[in-house]
């Protein structure tokens, strides 16, 4: 997505005479050479590694009764060591893409080995414990090889650990209360060490899911208020020009402002579930609309993710208020008519805001 915008901008600047064509080509080539840039070859290589790993895991799941236990164990351990050694050698030779594929195979085969050993020797323990060992192994491999691909595998395993424990009967939610943020912190530190920048979004989403778990554990208005207040404080620290942390937040990109804004809206959504009476609905509606407009006003020009999330929140809240108030008075056709007018009003407001941002950008460019 970003590469497409960059290429269009470079073409526009070249046509306007602001940049010569050779320089534009060199800039685009430099971006494509970055490790974090999108590459079809790298994606296909990782997909191939995942398919091979899936075949190994399915083979383990089939319980190789015809093969002796020792042969099975030696085979899976040999596969893990072989994949990691091949990945290390390829890294030393500068073949990072192929090395990432072997490291992914080794990490997923490690999970298959855990399942195989438990299956053969009937070891006690639940699935969450086994997946935690798998997660720890992935973290160790990511550290050892400084691999962004294995860091991504570790992030998905963190979700798998949390999801498995969350959905089990007799779930120990007290364990998840500290385990989920701990795993998110580990993933963030791995991202900073390995440079897998996109993977940090998985850690942030895990923290958002953790807030949902906290509300489920302590389901009361005070919890929802605390979530909304934490999101609001984080967003203001990241977005307000006067904030002492704004420069630090901007150096991390759009994520700090976006995810704190998402937490604010999550808290407001939970408060809607807590206060469903007419008075509470109206008050929360006003607060939510103010939060949507505030997000668009503060971050609309420089943070597209916050801007569109603000648009979505504004539209959803307006339609919700219309359905709960006007919809209860008018018939079905009247409700759809009013909803259409409301949507048209929202569209007009969005277009006006977009024009204002464009005019401000043009003025600053001049």
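The values are calculated or read from the model by the stated rules, or taken from the named source; none is laboratory data. Nothing here was measured: the structure is a model prediction, and the numbers come from that model. When we count neighbours, we look across all protein chains shown, and the Cβ atoms used for this are built from the backbone with ideal geometry, even at glycine.
Tell me the residue from 209, 138, 142 that is more than 29 Å from residue 81 (Cβ to Cβ) and assigned to a helix (DSSP H, G or I), please.
Answer to the selection: 209.
Within region 195-203, can one find any residue that is more than 22 Å from residue 289 (Cα to Cα), in a loop (DSSP other than H, G, I, E, B) and under 19 Å from the mean Cα position of the chain (by Cα)?
Looking through region 195-203, at least one residue is more than 22 Å from residue 289 (Cα to Cα), in a loop (DSSP other than H, G, I, E, B) and under 19 Å from the mean Cα position of the chain (by Cα).
Which one of these is under 23 Å from residue 86 (Cβ atoms), exposed (fewer than 15 other Cβ atoms within 10 Å of the Cβ) and modelled with pLDDT of 70 or more: 51, 44, 18?
51
Just checking: which of the helices (runs of 4 or more DSSP H) contained wholly in region 259-366 hold 2 or more residues that are farther than 26 Å from residue 234 by Cβ and modelled with pLDDT of 65 or more?
Fully inside region 259-366 and qualifying: 278-299, 304-324, 332-365.
Here are 267, 295: which of them is under 30 Å from residue 163 (Cα atoms) and in contact (Cβ under 8 Å) with a residue 40 or more places away in the chain?
267
Restricting attention to region 224-238, does a residue exist that is at pLDDT below 90, over 17 Å from residue 265 (Cβ atoms), assigned to a helix (DSSP H, G or I) and in contact with a helix residue (DSSP H, G or I) (Cβ under 6 Å, 6 or more places away or on another chain)?
no
For the condition modelled with pLDDT of 90 or more and loosely packed, with under 15 Cβ neighbours inside 10 Å, what is the one hit in 174, 140, 158?
Testing whether each residue is modelled with pLDDT of 90 or more and loosely packed, with under 15 Cβ neighbours inside 10 Å leaves just 140.
For region 212-223, how many residues meet the condition of being more than 17 Å from residue 163 (Cβ to Cβ) and either modelled with pLDDT under 85 or not in a helix (DSSP H, G or I) (or both)?
Matching residues across region 212-223 total 3.
Go through region 166-192 and count every residue that is farther than 23 Å from residue 226 by Cβ and either touching a helix residue (DSSP H, G or I) at 6+ places or on another chain (Cβ under 7 Å) or outside any helix (DSSP H, G or I) (or both).
Number of matching residues: 7.
Return yes or no: is residue 234 surrounded by 14 or more Cβ atoms within 10 Å (Cβ to Cβ) and in contact (Cβ under 8 Å) with a residue 24 or more places away in the chain?
Taking the combined requirement at face value, the residue satisfies it.
Given the structure, is residue 114 over 27 Å from the mean Cα position of the chain (by Cα), within 29 Å of residue 209 (Cβ to Cβ) and either modelled with pLDDT under 80 or not in a loop (DSSP other than H, G, I, E, B) (or both)?
Criteria met by residue 114.
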